[in-house]
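A short write-up of the structure that comes next.
The values are calculated or read from the model by the stated rules, or taken from the named source; none is laboratory data. Please read all numbers here as calculations on a predicted model, not as lab measurements. Backbone-built Cβ (ideal geometry, glycine too); neighbour counts: all protein chains shown.
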Amino acid sequence: MRPVQYFSPEYLERCRELSPEQIVAFLDDFQALHAAASAPRKSRLISLRLPEPLLAAFRTRASLAGVPYQTQIKRLMAAWLESPDDPAHHPTRPRPGR
């Protein structure tokens, strides 16, 4: 069941002043906004070669933490992207003082 939304008399009065074109534009924008927020994100299957001991250790540690290992890989990738100024997160960039 959807919640009931209540509008103030002032808001309803402002809405009465809108032209049909403004109402259509508002509804289009509203629909696009909510469609984008609820749309599932696309994923892509990738193939990645890893040393077997590294993968086994990673899977074990993720299991002990109660996290699926692929989910943990995605979390690590996202965290790495969120800290672009940290040289430790960019092994291909020279570190300061080197």
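This table checks each residue for (1) under 30 Å from Ile73 (Cα atoms); (2) at pLDDT below 90; (3) surrounded by fewer than 10 Cβ atoms within 10 Å (Cβ to Cβ); (4) not β-branched (Val, Ile, Thr).
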site	(1), (2), (3), (4)
Leu18	no, no, no, yes
Gln22	no, no, no, yes
Phe30	no, yes, no, yes
Ala36	yes, yes, yes, yes
Arg41	yes, yes, yes, yes
Ser47	yes, no, yes, yes
Pro51	yes, no, yes, yes
Ala56	yes, no, no, yes
Let me spell it out: the conditions are (1) modelled with pLDDT of 90 or more; (2) on the phi > 0 side of the Ramachandran plot; (3) small (Gly, Ala, Ser), and Gly97 meets all of them except one. Which number is the exception?
(1)
Evaluate the following for Pro3: is it over 30 Å from Gln70 (Cβ atoms), exposed (fewer than 10 other Cβ atoms within 10 Å of the Cβ) and more than 31 Å from the chain's Cα centre (by Cα)?
no
Any hit, the range 81-91, residues being surrounded by 10 or more Cβ atoms within 10 Å (Cβ to Cβ) and assigned to a helix (DSSP H, G or I)
yes
